[in-house]
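The values are calculated or read from the model by the stated rules, or taken from the named source; none is laboratory data. Everything numeric here is computed off the predicted structure, so don't read it as measured data. Every residue, glycine among them, receives a Cβ derived from its backbone with ideal geometry; neighbour counts consider all protein chains shown. Each accessible area value is taken on the protein alone, full model and side chains, heavy atoms only, with ligands, DNA and RNA left out. Shrake-Rupley method; radii C 1.70, N 1.55, O 1.52, S 1.80 Å.
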Amino acid sequence: GLSNEETNVSVIVNNDVSGFTLRTLGDDAESAARSLLSKRKRPTELVAACEEVRGANTPVYQFEYTVDRGERYERLRAISVVAGSSAGDSFVTLTVVSADADWAREGARDRLKRVAESFKLI
């Protein structure tokens with residue numbers, strides 16, 4: 001990943017799967033996001049979720065959410081994108097995360113969203 005203090009971009013490739021499709025996570029992007037976020041230790045709030053087709057006709061789930069880190073740390077905001085291989089033998093996640101206040105800085109939200117939205121499997 002790429003990190004600058006609280007701002008981080010990570011890409012994780014999961015090769016140890018079989019028969020993976022986005023529907024493995026949930027019937028639609030919102031139900032998948034809610035299911036995944038419910039497994040987090042910290043309180044989270046789903047902001048938005050969508051399904052898109054990117055690259056070589058590859059469907060992705062994208063969701064934006066916040067993570068409450070308690071009174072000692074600033075809340076985080078993240079966008080995660082999930083895409084599966086056409087063979088169903090792997091999936092890839094990209095997550096862009098930064099302090100919630102950073103998203104409000106002029107131009108920062110657009111730059112962070114552009115990173116997430118550029119993600120596609122080729």
Among the numbered conditions (1) assigned to a loop (DSSP other than H, G, I, E, B); (2) farther than 18 Å from ASP100 by Cβ, tell me where SER35 comes up short.
(1)
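Please verify whether ARG54 is over 19 Å from LEU36 (Cβ atoms), out of contact with any strand residue (DSSP E or B) (no Cβ under 8 Å at 6 or more places or on another chain) and modelled with pLDDT under 95, treating the condition exactly as stated. Full working, then the answer.
On the way: over 19 Å from LEU36 (Cβ atoms): yes; out of contact with any strand residue (DSSP E or B) (no Cβ under 8 Å at 6 or more places or on another chain): no; modelled with pLDDT under 95: yes.
Criteria not met by ARG54.
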Could you please tell me which pairs satisfy a Cβ distance under 6 Å, a separation of 6+ or placement on different chains, a first residue in the stretch 97-122 that is outside any helix (DSSP H, G or I), and a second residue that is open to solvent by 60 Å² or more (accessible area, probe 1.4 Å)?
SER98/GLU6; ALA99/GLU6; ALA99/GLU74
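Please count how many residues of the stretch 68-116 are within 21 Å of GLY26 (Cα to Cα) and surrounded by 15 or more Cβ atoms within 10 Å (Cβ to Cβ).
In the first step, residues of the stretch 68-116 are kept if they are within 21 Å of GLY26 (Cα to Cα); the result is 78-95, 116.
If we keep only those that are surrounded by 15 or more Cβ atoms within 10 Å (Cβ to Cβ) too, we end up with 78-85, 90-95, 116.
Looking only at that region, the number is 15.
Using the structure shown, decide if GLU74 is closer than 19 Å to THR7 by Cα, touching a helix residue (DSSP H, G or I) at 6+ places or on another chain (Cβ under 9 Å) and part of a loop (DSSP other than H, G, I, E, B). Explain how you work it out, then say what you get.
Working: closer than 19 Å to THR7 by Cα: yes; touching a helix residue (DSSP H, G or I) at 6+ places or on another chain (Cβ under 9 Å): yes; part of a loop (DSSP other than H, G, I, E, B): yes.
When the stated conditions are applied, GLU74 passes them.
Results for (1) within 20 Å of VAL11 (Cβ to Cβ); (2) within 16 Å of the chain's Cα centre (by Cα), shown as yes or no for each residue.
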position	(1), (2)
ALA48	no, yes
THR66	no, yes
GLU71	no, no
LEU76	yes, yes
VAL81	yes, yes
VAL97	yes, yes
ARG105	no, no
ARG109	no, yes
LEU121	yes, yes
Quickly run through the stretch 47-71 and pick out the residues that are without any contact (Cβ under 8 Å) to a residue 12 or more places away in the chain, farther than 18 Å from SER98 by Cα and in a loop (DSSP other than H, G, I, E, B).
ASN57
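Restricting attention to the stretch 63-77, report how many residues are among the aliphatic types (A, V, I, L, M) and either touching a Pro at 6+ places or on another chain (Cβ under 9 Å) or over 15 Å from LYS41 (Cβ atoms) (or both).
Just the residues of the stretch 63-77 that are among the aliphatic types (A, V, I, L, M), to begin with: 67, 76.
Filter again for either touching a Pro at 6+ places or on another chain (Cβ under 9 Å) or over 15 Å from LYS41 (Cβ atoms) (or both), leaving 67.
Of the residues in the stretch 63-77, 1 are among the aliphatic types (A, V, I, L, M) and either touching a Pro at 6+ places or on another chain (Cβ under 9 Å) or over 15 Å from LYS41 (Cβ atoms) (or both).
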What about ASP16, is it among the charged types (D, E, K, R), open to solvent by less than 90 Å² (accessible area, probe 1.4 Å) and closer than 28 Å to ILE122 by Cβ?
no
Please indicate, with yes or no, whether at least one residue in the stretch 26-42 is touching a Cys at 6+ places or on another chain (Cβ under 9 Å) and of a type in the set (Gly, Ala, Ser).
yes
If I ask for residues that are over 28 Å from GLU71 (Cβ atoms) and open to solvent by 50 Å² or more (accessible area, probe 1.4 Å), which ones from the stretch 32-54 would you list?
GLU51, GLU52, VAL53
